[in-house]
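Participant: My structure is below; once you've seen it, I'll send some questions.
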Amino acid sequence: MNFNYSREIDPSIYETHGLDGGIPLRIHKDQHLEFKGALRAQRDWDKHVGNADGYKGGLGDPFSFISVTVPECIPDRLELISYANEFAFLYDDKMESFDLRKDFERETTKMLDAFGDGALDRSVNAKSGPEKRLQAQMLSEMMAIDPVRATTSMKAWARFVQLASRTRSSPFECLEEYVPSRVIDAGELIWFGTLTFGMALTIPDDEHEICMEMARSGYAALGLTNDLFSWEKEKHDAMRVGLDYVFNAIWVIMKERSVNEAEAKRICCLEIHKYVSVFQQTVEETKHNPCLSKDLRTYLEAILYSISGNLVWSIYCPRYREF
């Protein structure tokens, strides 16, 4: 991968808890564009959806989420993918606030209406919900920049919403069953859309399935890393609404293996190590494979930097540190 928009961060100035697999941390040179997009999303959410007081999303000091997870985003797309990512964080927090099944289903229906069969429809009317209005606005802005990749990304995001709405419906009893659902919930499809649009990548149709398969261990590492560092927040949110389970690997490990939180976190770290190692091997094996398209190889390498960026952001971000 060529590095045109990012710089590598000195590893002596940040912590990784040994979970980075030696993957360098890179940060976008135009981080201010992420701030612009995230803050605009928060304002729009406040205006059209609901009050976001106390909310903490992707922004952080010194590391903000998009700047370190998509460090090679084309600059004129950085604000927009930051907006979309902040929208996802806001929606995630909103969904975790519902304890009644009917409320959960009602809010899921609203999101499915926005990202369902009409995901590529930019028209809105008096009956359109706020989620659809914001989705249509994002699509219009993306189409103005790159209509082909905007279409691909929005289809992927729509599919993510459809699948993720079913992953948290019941608790998981073992890690083996949990991880595939966590890969979906962690956003392999939404991240596919984010990376391909943000970096102007095109994965050929005949490579799509192998692309998703090759990337899966990387997304498992991303999902489990999120679980490790978001555990306190997610546990707090679940308790607040009266749930008797947490959609998190730490909860699953504790139940499956009858261990305490500390031991469950240690086991989770071992699992992260395993998936990072497997994915690194995949990237190394495909890096110079002429049978695969250049954009597919670039996409896989980009996920490597998403892994290190997500790890460091998770350690330092305000979103998880107050719990």
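The values are calculated or read from the model by the stated rules, or taken from the named source; none is laboratory data. Here the structure is a predicted model, which means the values were calculated and not measured. In this analysis, Cβ positions are derived from the backbone assuming ideal geometry, glycine residues included, and neighbour counts consider all displayed protein chains.
Participant: Could you list, in sequence order, all residues of segment 50-79 that are of a type in the set (A, V, I, L, M) and assigned to a helix (DSSP H, G or I)? Walk me through how you get there before you give the answer.
Facilitator: Taking segment 50-79 as the starting set, the residues that turn out to be of a type in the set (A, V, I, L, M) are 52, 59, 66, 68, 70, 74, 78.
Within segment 50-79, 66, 68, 78 meet the criteria.
Participant: I need every pair where a residue in segment 163-185 that is on the phi > 0 side of the Ramachandran plot and at pLDDT below 90 has its Cβ under 6 Å from the Cβ of a residue that is surrounded by 14 or more Cβ atoms within 10 Å (Cβ to Cβ) and not acidic (Asp, Glu), sequence separation at least 6 or different chains.
Facilitator: none
Participant: Something else: For residues in segment 50-86 being modelled with pLDDT of 95 or more and of a type in the set (S, T, N, Q), which is nearest to the chain's Cα centre (by Cα)?
Facilitator: Only one residue fits best here, namely 69.
Participant: Is one or more of the residues making up segment 195-202 closer than 21 Å to residue 310 by Cβ, modelled with pLDDT of 85 or more and of a type outside the set (A, V, I, L, M, F, W, C)?
Facilitator: As a first pass, look at segment 195-202 and keep what is closer than 21 Å to residue 310 by Cβ: 195-199, 201.
Add one more test, that the residue is modelled with pLDDT of 85 or more, and what stays is 195-199, 201.
Filter once more, keeping what is of a type outside the set (A, V, I, L, M, F, W, C): 196, 198.
Checking segment 195-202: at least one residue is closer than 21 Å to residue 310 by Cβ, modelled with pLDDT of 85 or more and of a type outside the set (A, V, I, L, M, F, W, C).
Participant: Note down all Cβ pairs under 8 Å where the first residue falls in segment 300-312 and is under 16 Å from residue 284 (Cβ atoms), the second is among the aromatic types (Phe, Trp, Tyr) and assigned to a helix (DSSP H, G or I), and they're at least six residues apart or on different chains.
Facilitator: 303/191; 303/219; 303/279; 304/279; 307/279
Participant: Just wondering, is there one or more residues in segment 222-236 that are over 24 Å from residue 21 (Cα atoms), modelled with pLDDT under 95 and over 20 Å from the mean Cα position of the chain (by Cα)?
Facilitator: yes
Participant: Which of (1) farther than 22 Å from residue 223 by Cβ; (2) surrounded by 14 or more Cβ atoms within 10 Å (Cβ to Cβ) does residue 57 not meet, given it meets every other one?
Facilitator: If we test residue 57 against (1) farther than 22 Å from residue 223 by Cβ; (2) surrounded by 14 or more Cβ atoms within 10 Å (Cβ to Cβ), just (1) comes out false.
Participant: Name the residues in segment 233-275 that are within 22 Å of residue 216 (Cα to Cα), assigned to a helix (DSSP H, G or I), without any contact (Cβ under 8 Å) to a residue 24 or more places away in the chain and not charged (D, E, K, R), would you?
Facilitator: Hits for segment 233-275 are 250, 267, 270.
Participant: Evaluate the following for residue 322: is it at negative phi and modelled with pLDDT of 95 or more?
Facilitator: Numbers: at negative phi: yes; modelled with pLDDT of 95 or more: no.
Answer is no for this residue.
Participant: Does at least one position in segment 114-131 carry a residue that is assigned to a helix (DSSP H, G or I), among the hydrophobic types (A, V, I, L, M, F, W, C), surrounded by 16 or more Cβ atoms within 10 Å (Cβ to Cβ) and modelled with pLDDT under 65?
Facilitator: First, pick out the residues of segment 114-131 that are assigned to a helix (DSSP H, G or I): 114-115, 130-131.
From the residues that got through so far, the ones that are among the hydrophobic types (A, V, I, L, M, F, W, C) too are 114-115.
If we keep only those that are surrounded by 16 or more Cβ atoms within 10 Å (Cβ to Cβ) as well, we get 114-115.
Next, from what is left, pick out any that are modelled with pLDDT under 65: 114-115.
Scanning segment 114-131 turns up at least one residue that is assigned to a helix (DSSP H, G or I), among the hydrophobic types (A, V, I, L, M, F, W, C), surrounded by 16 or more Cβ atoms within 10 Å (Cβ to Cβ) and modelled with pLDDT under 65.
Participant: Could you check, for segment 42-49, whether at least one of its residues is outside any loop (DSSP other than H, G, I, E, B), under 18 Å from the mean Cα position of the chain (by Cα), of a type outside the set (Phe, Trp, Tyr) and over 20 Å from residue 298 (Cβ atoms)? Spell out the reasoning first.
Facilitator: Residues of segment 42-49 outside any loop (DSSP other than H, G, I, E, B): 42-48.
Narrowing further to those that are under 18 Å from the mean Cα position of the chain (by Cα): 42.
If we keep only those that are of a type outside the set (Phe, Trp, Tyr) too, we end up with 42.
Cutting the leftovers down to over 20 Å from residue 298 (Cβ atoms) gives us 42.
Within segment 42-49, one or more residues are outside any loop (DSSP other than H, G, I, E, B), under 18 Å from the mean Cα position of the chain (by Cα), of a type outside the set (Phe, Trp, Tyr) and over 20 Å from residue 298 (Cβ atoms).
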